[in-house]
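Report on one structure; see the data block that follows.
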Amino acid sequence: MPSVNLRHSVRAIILDENDRILLCRFAIPKPVGTVVWAAPGGGIEQDETPLAALRRELREEVGLALSTDPPHVWHQEVVAPGHASGYDGVVNDYFLVRTAGFNPRGTLSDDELAAENISGLEWWHPQEVASYDGPDLFSPRDLATPLTALITSGVPAGPVLLGL
């Protein structure tokens, strides 16, 4: 059986005092016009721990410094060639970060963010995610369900498995 080359990433479910979630707007080049709203984060570099990667990504993308190790709340594996450029799929580990609302601005320039397909950052109320009926996608696609469970039930005993 051939080996599968998966991109390993970390993501932060950043919730403010009003339970709004901070999402990145990814303008995906193919197919043209695809927009996906996803939690901030990104790939784990060689010899980097997941939490070190999370700290780096949050500084770069949203300007948030973590003072503690956040709990690991979700795990997602998507095996689908073409889902991530150069990979057969992705593995995303999500960590819960509670913070006061802030104006997100990381260390990356607009051009550097655009090179990562990030074209905006926005706070969303869970109800806005649940009722959204526009053309954009969420990652995971049914973000509203695990997000609502996380807010109402708190940190799970172990990471919840997510689909696409």
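With the charge dipole of the chain set up from +1 on Lys and Arg Cβ and -1 on Asp and Glu Cβ about the Cα centre, the Cα lying farthest toward the positive end among the listed residues Q76, A100, P156 is that of P156. Over all pairs of different C-alpha atoms in region 10-90, the reciprocal of the mean inverse distance, the Kirkwood hydrodynamic radius, equals 14.2 Å. With a cut-off of 17 Å, note down the residues of region 69-89 whose backbone N falls inside the zone around a label point 7 Å from the Cα of E112 toward its beta carbon. Within reach of a label on E112, which here means backbone N under 17 Å from a point 7 Å along Cα→Cβ, region 69-89 contributes nothing. Taken about its Cα centre, region 46-96 carries a charge dipole of about 160 debye when Lys and Arg each add +1 at the Cβ and Asp and Glu each add -1 at the Cβ. Got a number for carbon plus sulfur as a percent of the chain's accessible area, 1.4 Å probe? Carbon and sulfur: 53 percent of the exposed surface of the chain. Since only N117, G86, T145 are under comparison, the one whose Cα sits farthest along the positive direction of the charge dipole of region 78-147, derived from C-beta charges on Lys, Arg, Asp and Glu, is T145.
Could you tell me whether the chain comes out rounded, prolate or oblate from its Cα gyration tensor? Rule is a ≥ b ≥ c as square roots of the eigenvalues, rounded for a/c under 1.5, then prolate if a/b exceeds b/c, otherwise oblate. Since a/c stays below 1.5, the shape of the chain is classed as rounded. Of all DSSP-defined beta bridges confined to the chain, some 60% are antiparallel rather than parallel. Computed over protein heavy atoms with a 1.4 angstrom probe, the accessible surface ordering of L96, L22, largest first, is L96, L22. Taken about its Cα centre, the chain carries a charge dipole of roughly 160 debye when the Cβ of each Lys and Arg holds +1 and the Cβ of each Asp and Glu holds -1. When each of the peptides 11-18, 60-67, 108-115 is scored by how many other beta carbons lie within 10 Å of its residues on average, the order from highest to lowest is 11-18, 60-67, 108-115.
Evaluated with a Cβ-only charge set (Lys, Arg +1; Asp, Glu -1), region 71-164 carries a dipole of roughly 380 debye about its Cα centre, given to the nearest 20.
The values are calculated or read from the model by the stated rules, or taken from the named source; none is laboratory data. Not measured: the values here are computed from a predicted model. So basically every Cβ, Gly included, is an ideal-geometry build from the backbone, and we count neighbours across all protein chains shown. Just so you know, the surface numbers come from the protein's heavy atoms only, side chains and all, with ligands and any DNA or RNA stripped out. Shrake-Rupley method; radii C 1.70, N 1.55, O 1.52, S 1.80 Å.
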